[in-house]
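The structure under discussion appears below in the form of structure tokens.
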There are 2 protein chains.
Amino acid sequence: MTSKIETLSAAFLPALEEEMRAVLGASAGSADPFYGMMHYHMGWADEQLQPADGNSGKRIRPVLCLLACAAAGGDWQQALPAAAAIEILHNFSLVHDDIEDNSPTRRGRPTLWTLYGQPQAINTGDAMFALAHLALARLADRSVPPPVVVHALRRFDETCVELTRGQYADMGFETRDGVAVADYLAMITGKTAMLVSLAAELGALVAGVDATRARVFADFGLNLGLAFQVQDDILGIWGDERITGKSAATDIITRKKTLPVLFGLSRSQGLRELYDKSEAGEDFVRTAVFLLDQTGAQEYAAGEAARYSKAAIDNLEAAEPLEPAATALWQLTDMLLRRDS
Amino acid sequence: MTSKIETLSAAFLPALEEEMRAVLGASAGSADPFYGMMHYHMGWADEQLQPADGNSGKRIRPVLCLLACAAAGGDWQQALPAAAAIEILHNFSLVHDDIEDNSPTRRGRPTLWTLYGQPQAINTGDAMFALAHLALARLADRSVPPPVVVHALRRFDETCVELTRGQYADMGFETRDGVAVADYLAMITGKTAMLVSLAAELGALVAGVDATRARVFADFGLNLGLAFQVQDDILGIWGDERITGKSAATDIITRKKTLPVLFGLSRSQGLRELYDKSEAGEDFVRTAVFLLDQTGAQEYAAGEAARYSKAAIDNLEAAEPLEPAATALWQLTDMLLRRDS
């Protein structure tokens, strides 16, 4: 049986790709490497910048945006510019994150900066950032009233500031001791959850709902994003590698300061001492997980994830979504909250 | 005697700084280094991120924006959000350019990336880019009609794309042989002239002029920007170092491919051979300038600068600017076109 989310995505995704291609100069089949570099990152071109069918990522945020629009009583096609803008913005942030984190690969391919150097990759990211705004401004061409377009653009940039503030905090954590759980939650709110929140909010705004109802959609996205991220943190330590496809305890090996780790560090002198050692011995991962388990870090994180999940579900109920998007939104929520990979 | 431009700037500049400070979180005197890094780059804070009165640059673009608004019959205070947005955008682009060009100093101080590392500097630039948009959206708070705000935001991002395309071309020129004069003019149009053009255009748009008259202001800015840049190219080779404060022939020493150099390379086999040598001998500068002079490169570039200057002056006449801004615009134009430093 095909689920509602699959049926709707089958309509959404080709329209979304077309909208993004129009904005990123891919419709014309341009041979200009200025756009070619963007197409490579988007998964539309290979390393020789020739057309390719690469891994483009899951497009969860734009699908959420289109579903929110339909669920709030709007025409999802009218929200395509917002969905495209959010996905291009997300991809811009990945281009710069990969440079900032010195990451050589993304979605199984070399990152843009490893192929073209940091200067061109920084600049390509900047161009994508500007193009994400132009994508959003196309709302004006789909009969969205100008005051709504201005409001959407402001919410978009307010979210961008939160994204960069989250990334600022995340980079700071790497070199900082004594990061508190509250700091961490503020960081993932900015870096991850705000963009999911914006996706739901903009969809609702395009549907023409008032500020109060748009806020309910925004809160739904925020809690969904937080629940998703905390689950990701749990999987990064205790995930089943046969399912996640990553080796278990990746986040321990890289000493990433995720929610369970920060909780554990605040409760266990032994874990603090272990993390203070610059050299990680062979038993590092096993000892770290043992000490973490002693603090109840997994139960704590699972409790937090459940709390955000519950809040997201309450928000979605309060939003009174319309069918058929409602069923698809519940399925998407279920998929994101009950995932094991 | 105080000139009209000085009188008007005395009113404009404090209002502009206040507008920018409000957007960049400096009004509240925030101790948050996330904003502190921006304040350092803007010249408002020292290396310890304490308040300081640093060199903030000349603010030519925002002054032009405010003058264009007044000259087109508008209230310059209504254009403050546009002027602030353009100056913040300009400063964002400098933060990233300094990383891309590996420049250690700017305005006599260490660049942001040399103090905080490339990752934080890239991210701070991104935050300023988002904040530049929020600055522009404040037009909506000054009774500018929403359709005009949407149009201004689109023109802003179209210009950002041209800026990044210009930077893309500029970085490519460094490693490329046979750069044509036409490629160079397209590059400086995107990298330099478009932002000057946008400043004049947005000022006129806020004044409420129609698209045709806004285009005349935009063309004025474009030609002014091109004339300025070509003059800069001439000064970079033949400038009087007692006046420019830089050693003469800087652009020869760094082998920068500016307009006179590209003209000379296209005309002189000897110059091409000289530039092909990886080692520059002691006589390199003297020989290069000698060969350049033989091709008539200085006269060619001066002719191009005169052509753009004439076009800018014609545009400004056609714009029929209103007093007292008109006199100030003529003075600014004169100052930019007749400069010798």
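Observations on the model:
- Any chance A:Asp251 is within 22 Å of the chain's Cα centre (by Cα), open to solvent by 50 Å² or more (accessible area, probe 1.4 Å) and without any contact (Cβ under 8 Å) to a residue 60 or more places away in the chain: no
- Which numbered condition A:Thr111 misses (of (1) buried (at least 24 other Cβ atoms within 10 Å of the Cβ); (2) touching an Asp or Glu at 6+ places or on another chain (Cβ under 8 Å)): (1)
- Enumeration of residues in the range A:132-149 that are within 7 Å of another protein chain (Cβ to nearest Cβ) and open to solvent by less than 10 Å² (accessible area, probe 1.4 Å): A:His133, A:Ala137, A:Val149
- Yes/no for B:Ala218 being open to solvent by 40 Å² or more (accessible area, probe 1.4 Å), of a type in the set (A, V, I, L, M) and either at pLDDT 90 or above or within 23 Å of B:Asp283 (Cβ to Cβ) (or both): no
- Condition check for A:Pro119: open to solvent by 10 Å² or more (accessible area, probe 1.4 Å), more than 11 Å from chain B (Cβ to nearest Cβ) and without any contact (Cβ under 8 Å) to a residue 12 or more places away in the chain: no
- The range B:318-332, residues that are at pLDDT below 95 and surrounded by fewer than 21 Cβ atoms within 10 Å (Cβ to Cβ): B:Glu323, B:Pro324, B:Ala326, B:Thr327, B:Trp330, B:Gln331
- Failed condition for A:Thr124, given (1) open to solvent by less than 10 Å² (accessible area, probe 1.4 Å); (2) hydroxyl-bearing (Ser, Thr, Tyr); (3) more than 12 Å from chain B (Cβ to nearest Cβ): (3)
Let's see how each residue does on (1) open to solvent by less than 30 Å² (accessible area, probe 1.4 Å); (2) among the basic types (Lys, Arg); (3) part of a loop (DSSP other than H, G, I, E, B):
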| residue | (1), (2), (3) |
| --- | --- |
| A:Val161 | yes, no, no |
| A:Gln167 | yes, no, no |
| A:Asp170 | no, no, no |
| A:Ile188 | yes, no, no |
| A:Lys191 | no, yes, no |
| A:Glu201 | yes, no, no |
| A:Leu224 | yes, no, no |
| A:Phe228 | no, no, no |
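- The residues of the range B:262-312 that are touching a Ser or Thr at 6+ places or on another chain (Cβ under 6 Å), polar (S, T, N, Q) and in a helix (DSSP H, G or I) amount to a single one, B:Thr295.
- Flag if B:Asp232 is modelled with pLDDT of 95 or more and either open to solvent by 10 Å² or more (accessible area, probe 1.4 Å) or not assigned by TED's automatic domain parsing to the domain that holds B:His133 (or both): no
- Some residue of the range A:172-181 being touching a residue at least 12 places away in the same chain (Cβ under 8 Å) and either within 8 Å of another protein chain (Cβ to nearest Cβ) or of a type in the set (Ser, Thr, Tyr) (or both): no
- Only one of the numbered conditions (1) under 21 Å from A:Thr111 (Cα atoms); (2) modelled with pLDDT of 95 or more is violated by A:Ala31, and that is (2).
- In the range B:50-61 there is at least one residue that is modelled with pLDDT of 95 or more and buried (at least 20 other Cβ atoms within 10 Å of the Cβ).
- Options B:Gly225, B:Gly166; residue that is within 30 Å of B:Gly74 (Cα to Cα) and modelled with pLDDT of 95 or more: B:Gly225
- Residue in the range B:124-136 that is more than 30 Å from B:Ser268 (Cα to Cα), of a type in the set (D, E, K, R) and touching a Leu at 6+ places or on another chain (Cβ under 9 Å) present: yes
- Screening A:Gly108 with (1) within 11 Å of chain B (Cβ to nearest Cβ); (2) on the phi > 0 side of the Ramachandran plot gives one miss only, at (1).
Residue-wise test of (1) in contact (Cβ under 8 Å) with a residue 40 or more places away in the chain; (2) not basic (Lys, Arg).
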{"residue": "A:Phe34", "(1), (2)": "yes, yes"}
{"residue": "A:His39", "(1), (2)": "no, yes"}
{"residue": "A:Asp46", "(1), (2)": "no, yes"}
{"residue": "A:Arg59", "(1), (2)": "yes, no"}
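- Check on B:Ile88, of a type in the set (Val, Ile, Thr), in contact with a helix residue (DSSP H, G or I) (Cβ under 9 Å, 6 or more places away or on another chain) and surrounded by fewer than 24 Cβ atoms within 10 Å (Cβ to Cβ): no
- If you go through the range B:73-100 and pick out every residue that is within 18 Å of B:Lys58 (Cα to Cα) and polar (S, T, N, Q), you end up with 2.
The values are calculated or read from the model by the stated rules, or taken from the named source; none is laboratory data. What you are looking at is a predicted structure, and each value in this text was computed from that prediction instead of being measured. Glycine also receives a Cβ, built like all others from the backbone with ideal geometry; neighbour counts cover every protein chain displayed. Accessible surface areas use protein heavy atoms only, side chains included; no ligands, DNA or RNA. Shrake-Rupley method; radii C 1.70, N 1.55, O 1.52, S 1.80 Å.
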